Every structure is written in structure tokens, then in C-alpha cells.
Amino acid sequence: MKSFHSPSNSSTITGFILLGFPCPREGQILLFVLFSVVYLLTLMGNASVICAVHWDLRLHTPMYILLANFSFLEIWYVTSTVPNMLANFLSDTKFISFSGCFLQFYFFFSLGCTECFFLVVMAFDRYLAICRPLHYPSMMTRRLCTNLVLGCWILGFLWFLTPIIIVSQMSFCGSMIIDHFLCDPGPLLALTCRKSVVIEFVISTLCAVAIVILLLFIMGTYSLILKAVLKVPSAAGKRKAFNTCGSHLAVVSLFCGSVLVTYGSPTSGHKAGMQKIVTLFYSVLTPLLNPVIYSFRNKDMKKALQKFLGT
């Protein structure tokens with residue numbers, strides 16, 4: 001429950017209205033069917049990667065263990081937004097409770113931040129495997145791999161905790177309408193009684209810092225990887241290294257590019273329609289594409305998936 005003040009009266013906020021994608025009833029049903037299929041395919045694709053890694057002993061290596069954890073993360077990432085979006089397609093009120101809104105806000109941003117850290121760790125693993133192949137087994141141990149995974153989850157869920165708590169304690173005035181399909185900080189802050197440039201700046205900065213850390217680390221790591229790969233005498237060895245690294249770079253580009261467009265610059269404004277499309281891309285479509293990208297040119301993963309699926 002949250003109170004807010006308008007020039008003429010004082011009321012109590014029990015929640016917000018997520019406009020989502022306004023269109024006629026038939027369009028809402030069509031979108032419901034479309035995103036239901038996308039959601040199910042995303043769950044099936046990422047769950048297949050997890051099961052393939054679990055059941056195939058050849059894939060019990062740090063690279064595939066990290067990939068399985070990444071797929072597990074993607075399942076929860078897409079689940080933080082899509083089920084509520086699907087419910088809103090069939091709802092006449094499109095209502096989300098105050099606590100539900102901020103829980104979605106917290107989990108969506110925390111899982112997105114965790115994904116950034118996972119991509120950094122996966123790049124680090126590829127660096128060790130390619131640039132330090134003789135020392136890789138002794139350096140990237142199961143214990144280190146476990147600690148890196150736990151570190152990603154813990155740091156990701158602490159990254160936005162303080163600003164989200166601060167925003168949840170602010171007073172909200174006027175309309176309860178959020179012109180988005182999720183509880184995004186921009187539309188939420190637009191409903192506060194006092195415009196807080198500081199909070200907007202902090203949220204944008206935290207987003208930008210996470211992405212910049214990721215991009216700088218990726219650029220530095222892959223410059224060293226490229227240098228090492230070019231020294232490999234075997235054409236097959238070069239091809240295998242490029243295939244593995246290319247998949248990772250494709251995922252990084254899809255995720256980071258769309259996030260930077262939305263949150264990259266402090267207090268930047270975007271038209272609501274464009275913001276929805278960009279957010280939809282990295283929150284819904286990227287988790288759908290990631291299993292395909294990682295398995296498309298990876299022979300070991302394709303064999304494991306075929307074995308698991310019985311094809």
C-alpha cells in the first residue's frame with residue numbers, strides 16, 4: 001500500500017496499470033498466442049541445453065557448466081516479465097499490484113545484471129582455454145567455476161537493490177498508468193510526486209557501468225584471444241576457436257546493444273513505443289535465440305542435444 005498526493009485529493013495506491021501494447025481485443029488475443037509460443041519455445045530451448053549438459057558426461061566441463069547456468073538464468077529472466085504480460089493481454093484492467101510491480105522491477109533488473117556478469121565470466125573462461133591451454137585445467141577448477149557462478153548471482157542481485165528500495169519508498173502522484181508492458185524505472189519515476197534527477201542518474205549509471213564493464217572486458221579479452229588464435233597452426237583449431245567465440249560475441253552484441261539503447265545514457269528519453277520494442281528484444285527474443293546461437297555451430301552441443309532429444 002502506498003499513499004500519494006494530487007493537487008485536489010489524497011488517495012491510496014494499491015497498484016498500477018500496465019498499458020502494454022494497446023490494440024483491439026482480437027489483437028490482444030493474437031499477441032497472447034504469439035508470446036505464449038515464444039515463451040514455451042524459450043523454456044524448452046534453454047531447458048534442453050540444461051538437460052543435455054547434465055546427462056552428457058563429455059559436457060561436464062567449465063564451459064558447458066557455465067552455459068547450463070546461463071540457460072537456467074535465461075529461464076528465470078524471461079519468466080520475470082512474460083507471464084504477467086500474457087495475463088495482461090487477457091485482462092480488462094491490466095492491473096499489477098504495488099508489491100508485484102516492484103518485485104518485477106527488482107527481479108528483472110537483477111537477473112539482467114546477473115546476465116552481464118555471466119557473460120564476463122564466460123569470456124574469461126574462453127580466454128583461459130585458448131590463451132592458457134596448458135594451465136587451464138589447473139586454473140579453471142570446479143571450485144573456481146562454482147565460486148564464479150555464485151559470485152555472478154550474488155553481485156547481480158545486490159547491484160540494484162538500494163535504488164529500487166529508495167524508489168519504492170517514494171510518493172506517487174496523479175495517474176497510476178505505466179505506458180509499458182513491465183515496471184520500468186522511467187515510467188515509474190515519471191509518476192513520483194517529486195522528480196528525482198539523482199535517482200534517475202543513479203539507475204542509468206548502474207545500468208551503464210554494468211554494460212561498460214562487460215564491453216571493456218569483452219573487448220580486452222577477445223583481442224588477446226584473437227591474437228592467440230591467429231598463432232594456431234591448425235586451420236581446424238582456428239575454426240573451432242572462432243566458432244566458440246563467435247557464439248559468445250553474438251549473444252553479447254544482441255543483449256548489450258539493445259540494453260545500451262534503452263539505458264545507456266543518463267536520464268535519456270525514448271518514445272514509449274520504441275522503448276517497448278527494444279525492451280521486448282532483449283527481454284524476450286534474446287533468451288529465445290541464445291540456445292540456438294550457442295548450439296548452432298557447436299558440434300559437441302548438437303550431438304548432446306540430439307542424444308537427449310532422441311533424434
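The values are calculated or read from the model by the stated rules, or taken from the named source; none is laboratory data. The shown structure was predicted, so the numbers you read here are calculated from the model rather than taken from an experiment. Here Cβ is always computed from backbone atoms with ideal geometry, including for glycine, and neighbour counts include all displayed protein chains. Remember, those area values only see protein heavy atoms, side chains included, never the ligands or the DNA or RNA. Shrake-Rupley method; radii C 1.70, N 1.55, O 1.52, S 1.80 Å.
Key figures for this structure:
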{"quantity": "Nitroxide proxy distance, nm - points 7 Å out along Cα→Cβ at His54 and Ile213", "calculated": "3.0 nm"}
{"quantity": "Value of [θ]222 nm, deg cm²/dmol, for the chain, DSSP H segments ≥ 4, -39500 (n - 2.57) each, nearest 500", "calculated": "-23500 deg cm²/dmol"}
{"quantity": "Residue-normalised accessible area of the chain, expressed per residue, 1.4 Å probe, Å²", "calculated": "49 Å²"}
{"quantity": "Segments 82-88, 124-130 sorted - mean Cβ within 10 Å per residue, highest first", "calculated": "124-130, 82-88"}
{"quantity": "At least 27 Å along the helix axis (C-alpha) and Kyte average at least -0.5, DSSP helices within the chain", "calculated": "25-55, 98-131, 197-229, 235-263"}
{"quantity": "Too-long pairs where the Cα-Cα distance tops 28 Å, listed order kept, from Lys94/Lys276; Lys276/Lys302; Lys94/Lys195", "calculated": "Lys276/Lys302"}
{"quantity": "Carbon plus sulfur fraction of accessible area for the chain, probe 1.4 Å, in percent", "calculated": "71 percent"}
{"quantity": "Net +/- balance of residues flanking Val251 in space, Cβ distance below 11 Å, scoring K and R +1, D and E -1", "calculated": "-2"}
{"quantity": "Area accessible to solvent at Arg25, 1.4 Å probe radius, in Å²", "calculated": "110 Å²"}
